[in-house]
Amino acid sequence: MNQLEELDKLVSGVDSELESVNDLNELQQKKANYLGKKSILASISASMKDLSIEAKKEVGMKSSKIRQLLEEKFEAKKKAIEDAIVNKKLENETIDVTLPGYKLPVGGIHPLNQTIMDLEDLFVGMGYKVAEGPEIETDEYCFEKLNLPKGHPARDMQDTFYINPELLLRSQTSPVQVRTMLAEKGEPIKIICPGKVYRRDADDATHSHQFMQCEGLVLGKDITLGDLKGALLEMFRKMLGEDRNIRLRPSFFPFTEPSVEVDVSCGLCGGKGCNTCKHTGWIEVLGAGMVNDNVLRMCGYDPKEIQGFAFGIGVERITMMKYKIDDIRNFYTNDLRFLNQFKEEK
């Protein structure tokens with residue numbers, strides 16, 4: 001039998017052999033028998049050295065075509081076996097997608113973050129913008145431009161974390177107001193400044209060395225104390241309930257003049273008096289006032305043309321009032337039993 005006949009026989013025999021193969025390992029062995037280094041095709045190629053030039057050409061061309069044909073047949077068989085495996089797997093592992101899935105535990109928004117989001121939504125709806133600034137501040141922005149020069153006795157009201165004589169962890173978000181005023185260069189402003197602040201307080205049920213504030217600043221022509229009261233009344237009624245009232249009492253802050261302490265009516269007794277409000281019907285919640293003329297001048301404003309008010313809200317305090325929480329430390333201990341109470345069910 002010459003080489004051409006052997007090649008023809010090779011092709012005629014491969015189909016019958018592949019028909020019974022259903023395993024990839026067996027297929028690989030068959031492929032080695034037909035196309036490997038010790039296969040019949042390899043033997044035919046090795047025997048061509050004894051042929052004439054014309055015969056070599058004829059056998060070589062046919063050998064190449066046969067090799068390509070065999071490779072196509074083996075590749076097609078491989079794909080058929082793989083498809084059969086996948087189909088069988090899909091058939092055996094069918095999932096009913098209409099069945100309800102497992103309910104996985106998910107987190108929720110921290111109550112302090114939720115309060116900040118609520119405040120931002122409220123004030124943005126009133127035309128305010130949200131401003132932010134660095135938590136490591138300069139003494140100039142945190143105190144000096146707020147009418148608190150070095151050595152001022154009012155600095156003793158805030159026990160501050162100093163990094164060096166000129167840098168500190170901000171004890172209030174008021175520096176954001178200063179930065180905004182300097183950037184706006186005398187233009188009207190309407191902003192709130194939420195963020196973390198730091199003071200050297202002993203941690204207890206109502207104090208923390210790190211807490212959150214949301215300060216507000218409005219500057220423009222003919223801004224009055226009445227505008228301040230209206231904004232704060234709107235805020236407390238939206239955050240704590242439409243039945244709440246506020247009152248303003250004279251106070252002192254170096255960066256505002258006149259300055260006021262703001263009280264909100266007690267939500268537990270409705271203003272009648274209880275242990276929570278010390279039987280006064282009112283709870284002190286924040287400080288506010290009209291921006292001091294010295295602050296306006298240092299930040300590039302003419303007090304004769306521009307007036308404004310500022311206020312500072314303790315985020316923890318208003319959150320404790322809203323949810324009737326009696327210990328500020330609950331916000332920071334990461335107790336899931338506490339946090340899960342504020343998680344909205346989906």
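The values are calculated or read from the model by the stated rules, or taken from the named source; none is laboratory data. A quick note: this is a predicted structure, and the numbers were derived from the prediction, not measured. Every residue, glycine among them, receives a Cβ derived from its backbone with ideal geometry; neighbour counts consider all protein chains shown.
Collect the residues in region 181-194 that are surrounded by fewer than 21 Cβ atoms within 10 Å (Cβ to Cβ) and not hydrophobic (A, V, I, L, M, F, W, C), keeping them in residue-number order.
Glu184, Lys185, Gly186, Glu187, Pro188, Lys190 - these are the residues of region 181-194 that are surrounded by fewer than 21 Cβ atoms within 10 Å (Cβ to Cβ) and not hydrophobic (A, V, I, L, M, F, W, C).
Could you pull out the residue among Gly281, Gly300 that is assigned by TED's automatic domain parsing to the domain that holds Thr115 and closer than 26 Å to Glu257 by Cα?
Sole residue among the options that is assigned by TED's automatic domain parsing to the domain that holds Thr115 and closer than 26 Å to Glu257 by Cα: Gly300.
Limited to region 95-113, what total is found for residues that are in contact with an Asp or Glu (Cβ under 9 Å, 6 or more places away or on another chain) and not in a helix (DSSP H, G or I)?
So the count comes out to 2.
Does region 108-119 contain at least one residue that is free of Cβ contacts under 8 Å to residues at least 60 places away in the same chain and over 26 Å from Arg337 (Cβ atoms)?
no
State which residue pairs qualify: first residue without any contact (Cβ under 8 Å) to a residue 40 or more places away in the chain and over 15 Å from Ser174 (Cβ atoms) and inside region 290-301, second residue surrounded by 17 or more Cβ atoms within 10 Å (Cβ to Cβ) and among the aliphatic types (A, V, I, L, M) in any location, beta carbons under 8 Å apart, and separation of 6 or more residues or different chains.
The qualifying pairs do not exist here.
Yes/no per residue for (1) assigned to a strand (DSSP E or B); (2) at pLDDT 90 or above; (3) at positive phi; (4) loosely packed, with under 14 Cβ neighbours inside 10 Å:
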position: Lys238; (1), (2), (3), (4): no, yes, no, no
position: Ser251; (1), (2), (3), (4): yes, yes, no, no
position: Glu257; (1), (2), (3), (4): yes, yes, no, no
position: Asp263; (1), (2), (3), (4): yes, yes, no, no
position: Arg297; (1), (2), (3), (4): no, yes, no, yes
position: Lys304; (1), (2), (3), (4): no, yes, no, yes
position: Phe311; (1), (2), (3), (4): yes, yes, no, no
position: Thr319; (1), (2), (3), (4): no, yes, no, no
position: Glu345; (1), (2), (3), (4): no, no, no, yes
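Is it the case that region 272-280 has a residue that's over 27 Å from Tyr141 (Cβ atoms), touching a Lys or Arg at 6+ places or on another chain (Cβ under 7 Å) and either β-branched (Val, Ile, Thr) or not in a loop (DSSP other than H, G, I, E, B) (or both)?
No, region 272-280 has no match at all.
Pull out all pairs, ordered by first then second residue, where Cβ-Cβ is under 6 Å, the residues are six or more apart or on different chains, the first lies in region 323-346 and is among the charged types (D, E, K, R), and the second is exposed (fewer than 14 other Cβ atoms within 10 Å of the Cβ).
Listed by first residue and then by second, the contacts come to Asp327/Ala205.
Please state which of the following conditions Asn147 fails to meet, knowing it meets all the rest: (1) out of contact with any helix residue (DSSP H, G or I) (no Cβ under 7 Å at 6 or more places or on another chain); (2) under 30 Å from Asp227 (Cα atoms).
(1)
From (1) more than 24 Å from Glu316 (Cα to Cα); (2) touching an Asp or Glu at 6+ places or on another chain (Cβ under 6 Å), pick out the condition that doesn't hold for Lys145.
In the conditions (1) more than 24 Å from Glu316 (Cα to Cα); (2) touching an Asp or Glu at 6+ places or on another chain (Cβ under 6 Å), Lys145 misses (2) alone.
Between Glu54, Glu58, Glu26, Glu5, which is surrounded by fewer than 16 Cβ atoms within 10 Å (Cβ to Cβ), over 30 Å from Gln210 (Cα atoms), modelled with pLDDT of 75 or more and not hydrophobic (A, V, I, L, M, F, W, C)?
Answer to the selection: Glu26.
Of the numbered conditions (1) surrounded by 11 or more Cβ atoms within 10 Å (Cβ to Cβ); (2) in contact with a helix residue (DSSP H, G or I) (Cβ under 9 Å, 6 or more places away or on another chain), Thr173 fails exactly one; give the number of that condition.
Only one criterion is unmet by Thr173, namely (2).
Going by the conditions given, is Ala205 exposed (fewer than 15 other Cβ atoms within 10 Å of the Cβ), in contact (Cβ under 8 Å) with a residue 12 or more places away in the chain and hydrophobic (A, V, I, L, M, F, W, C)?
The answer is yes for Ala205.
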